[in-house]
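The values are calculated or read from the model by the stated rules, or taken from the named source; none is laboratory data. Here the structure is a predicted model, which is why all the values come from computation and not from measurement. In this analysis, Cβ positions are derived from the backbone assuming ideal geometry, glycine residues included, and neighbour counts consider all displayed protein chains. In case anyone asks, the SASA skips ligands and DNA or RNA and just uses the protein heavy atoms, side chains included. Shrake-Rupley method; radii C 1.70, N 1.55, O 1.52, S 1.80 Å.
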Amino acid sequence: MFKSVLLAGVVVGALAVAGAAGAAELQVKMLNSGSQGMMVFEPATAKLKAGDTVRFIPTDPGHNVETIKDMWPAGVAEVKGVMGKEVVVKFAKTGVYGFKCMPHWTMGMTFVAKVGDGKPNAADAEAAIAKAPPLAKKRLTADFATLK
Ligand SMILES: [Cu+2]
C-alpha cells in the first residue's frame, strides 16, 4: 500500500516538471460543421514548439485523425486514430505534420501543424499538398500559407 502511494507521488512530480518546461496542449475539435465550413478540424492549423501536444477531440463518431502520406517528418511514427476516439499527439521533432480525417479526406477535412521552423520537410509537405484531392488541396494550400 505504502509503495503505491509513493509511486503516485513520483508521477505527479514528473507532470509538474513537464509543465514548468513550458510544453502546451492544444485542443482541436473534429466537427461536422465549423466556422470554415462542413467537415473541419477547428482550429485547422497550429504553430507549435517541440514538446507540445495536440488533443484531437471528435464531436461525432464519424471522424478519425491520421497522418497524411508524405506530409510527415522522416523517422517520426505515423498516427492512425480509431473512428470516434480522441487522439493525443506529442510533437517531439521540428517539421510539418499533415493530418486528415480519412472518411472526409476528399471533402478537405485536414489539419496542419508546423513545429519549430518546419524546415526539415516543408518542401516535401508542399509536394504532398499538390497531390491531394481537390478540396483537401484547396484547404491545405490556404492553411499552410498561414503558417509561413
Ligand atoms: Cu471527418
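Numbers at a glance
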read-out: Residue 110 being within 16 Å of the ligand (Cβ to nearest atom) and in contact with a helix residue (DSSP H, G or I) (Cβ under 6 Å, 6 or more places away or on another chain); value: yes
read-out: All positions within segment 10-52 that are over 30 Å from residue 140 (Cα atoms) and modelled with pLDDT of 50 or more; value: 21
read-out: Pair list, Cβ < 9 Å and 6+ apart or interchain, from segment 79-94 residues that are without any contact (Cβ under 8 Å) to a residue 60 or more places away in the chain and open to solvent by less than 80 Å² (accessible area, probe 1.4 Å) to residues that are outside any strand (DSSP E or B) and acidic (Asp, Glu); value: 84/60; 91/52; 94/117
read-out: Meets criteria (buried (at least 20 other Cβ atoms within 10 Å of the Cβ), within 16 Å of the ligand (Cβ to nearest atom), under 11 Å from the mean Cα position of the chain (by Cα) and aromatic (Phe, Trp, Tyr)) for residue 41; value: yes
read-out: The one condition in (1) on the phi < 0 side of the Ramachandran plot; (2) open to solvent by less than 60 Å² (accessible area, probe 1.4 Å) that residue 51 fails to fulfil; value: (1)
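Let's see how each residue does on (1) of a type in the set (Asp, Glu); (2) out of contact with any Phe, Trp or Tyr (no Cβ under 8 Å at 6 or more places or on another chain):
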{"site": "78", "(1), (2)": "yes, no"}
{"site": "89", "(1), (2)": "no, no"}
{"site": "106", "(1), (2)": "no, yes"}
{"site": "110", "(1), (2)": "no, no"}
{"site": "117", "(1), (2)": "yes, yes"}
{"site": "128", "(1), (2)": "no, yes"}
